[in-house]
Amino acid sequence: MTATGPGVPRIDTSRPHPARVYDWFLGGKDNYPVDEQLGRQIMAIEPAAARAARANRGFMRRATRLLAEESGIRQFLDIGTGIPTEPNLHQVAQGVAPDARVVYVDNDPIVLAHAGALLRGTPEGVTEYVQADAREPRSILEQAGRILDFDRPVALSLIALLHFVADEDGAHDLVDTLVEALAPGSCLVLSAMTADFEPENVRRSIEAYTAGGVTLVARSQAEMAGFFKGLELVEPGIVCVVDWRPEAGGGGEEPVALYGGVGVKA
Ligand SMILES: C[S@@+](CC[C@H](N)C(=O)[O-])C[C@H]1O[C@@H](n2cnc3c(N)ncnc32)[C@H](O)[C@@H]1O
């Protein structure tokens, strides 16, 4: 089944899509039976999958807040945004700095269909949505450049995105191209899947995603570090997302299969 019609983006509901499976893990309603089916299959393999999705959102919130509060960043470029889930990144950034400018980017038509919720920001700030593929970083820079001033610091977030882009599909090229365009004081915020903690469960999850037609790659801590070359890692470096600057009273959770880290461009 496919949603069509004037102005309606083509949404293929015959096979699972990463944004919708992730929405299912987060308890959202913007997913279809094929997405739920793969989500349940993954939960049977890795019962911590839904907790991993929530932990990843926590990482996004803490990293965004840190950059807005302590680094004074007022511009955010979030690629691989996903279906809106409150609080969205602009709500976190504009909660600290109402004048923050946020550009969201995703290539899934379902995210475009729900982009309205991403555009309800503060009157002082700006939120914009760009439908684009992360593997075409120059096009993203060109479109985002209408909203963001690349001569000033930008927080570039690629959160739970890069495990859908294999090295041979240009994962490093896209990060390098985007980071190169950033001004000093800009930051790269990354989280991505790893098999370092639960290798067998992750191997079987990758098999299930691949059978559903979705590319998924796991990276080691050293491979993650390769994305931050030339940047200075913020403490505590590249760690499991649950251990990245947990809130007071938080921390000590069992690991999930995602590394997170933040690097600053000198
Ligand atoms: C797991 S969701 C993460 C959502 C959000 N960043 C978060 O961490 O909560 C991954 C998102 O990346 C998007 N995505 C995957 N491959 C992409 C690509 N090549 N270009 C742009 N977006 C992509 C998917 O459509 C999906 O919305």
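The values are calculated or read from the model by the stated rules, or taken from the named source; none is laboratory data. Everything numeric in this text was worked out from a predicted model, so none of it was measured. Reconstructed Cβ throughout: ideal geometry from the backbone, glycine too, with neighbour counts over all protein chains shown.
Tallying residues that are within 13 Å of the ligand (Cβ to nearest atom), more than 15 Å from Ala192 (Cβ to Cβ) and in a loop (DSSP other than H, G, I, E, B) within the range 60-86 yields 5.
Of all residues in the range 154-169, those that are surrounded by 24 or more Cβ atoms within 10 Å (Cβ to Cβ), away from the ligand (no atom under 12 Å from the Cβ) and not in a strand (DSSP E or B) total 1.
In the range 178-196, what residues are surrounded by fewer than 16 Cβ atoms within 10 Å (Cβ to Cβ) and under 15 Å from Phe228 (Cβ atoms)? Listed by number, the list holds a single entry, Glu180.
Residues in the range 182-209 that are of a type in the set (S, T, N, Q) and farther than 19 Å from Gly80 by Cβ: 1 in all. Condition check for Pro47 on (1) within 16 Å of the ligand (Cβ to nearest atom); (2) under 23 Å from Ala192 (Cβ atoms); (3) without any contact (Cβ under 8 Å) to a residue 40 or more places away in the chain; (4) out of contact with any Ser or Thr (no Cβ under 9 Å at 6 or more places or on another chain): one failure, at (1). Determine if the range 27-36 includes at least one residue that is assigned to a loop (DSSP other than H, G, I, E, B), out of contact with any strand residue (DSSP E or B) (no Cβ under 6 Å at 6 or more places or on another chain), among the small types (Gly, Ala, Ser) and within 12 Å of the ligand (Cβ to nearest atom). Checked against the condition, which is being assigned to a loop (DSSP other than H, G, I, E, B), out of contact with any strand residue (DSSP E or B) (no Cβ under 6 Å at 6 or more places or on another chain), among the small types (Gly, Ala, Ser) and within 12 Å of the ligand (Cβ to nearest atom), the range 27-36 yields at least one hit. When the range 110-135 is filtered for residues that are within 15 Å of the ligand (Cβ to nearest atom), more than 16 Å from the chain's Cα centre (by Cα) and surrounded by fewer than 18 Cβ atoms within 10 Å (Cβ to Cβ), the ones remaining, listed by number, are Ala113, Ala117. Within the range 136-153, which residues are within 14 Å of the ligand (Cβ to nearest atom) and in a loop (DSSP other than H, G, I, E, B)? Glu136 - this is the single residue of the range 136-153 that is within 14 Å of the ligand (Cβ to nearest atom) and in a loop (DSSP other than H, G, I, E, B). Could you please let me know if Arg57 is within 12 Å of the ligand (Cβ to nearest atom) and part of a helix (DSSP H, G or I)? Taking the combined requirement at face value, the residue satisfies it.
Rundown of residues vs (1) at pLDDT below 95; (2) among the aromatic types (Phe, Trp, Tyr); (3) farther than 24 Å from Gly116 by Cβ, yes/no style:
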| position | (1), (2), (3) |
| --- | --- |
| Met1 | yes, no, no |
| Gly5 | yes, no, no |
| Arg20 | no, no, no |
| Phe25 | no, yes, no |
| Ala53 | no, no, no |
| Gly58 | no, no, yes |
| Arg74 | no, no, no |
| Pro84 | no, no, no |
| Asn88 | no, no, no |
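May I ask you to verify whether Ala248 is surrounded by 15 or more Cβ atoms within 10 Å (Cβ to Cβ) and not aromatic (Phe, Trp, Tyr)? The answer is no for Ala248.
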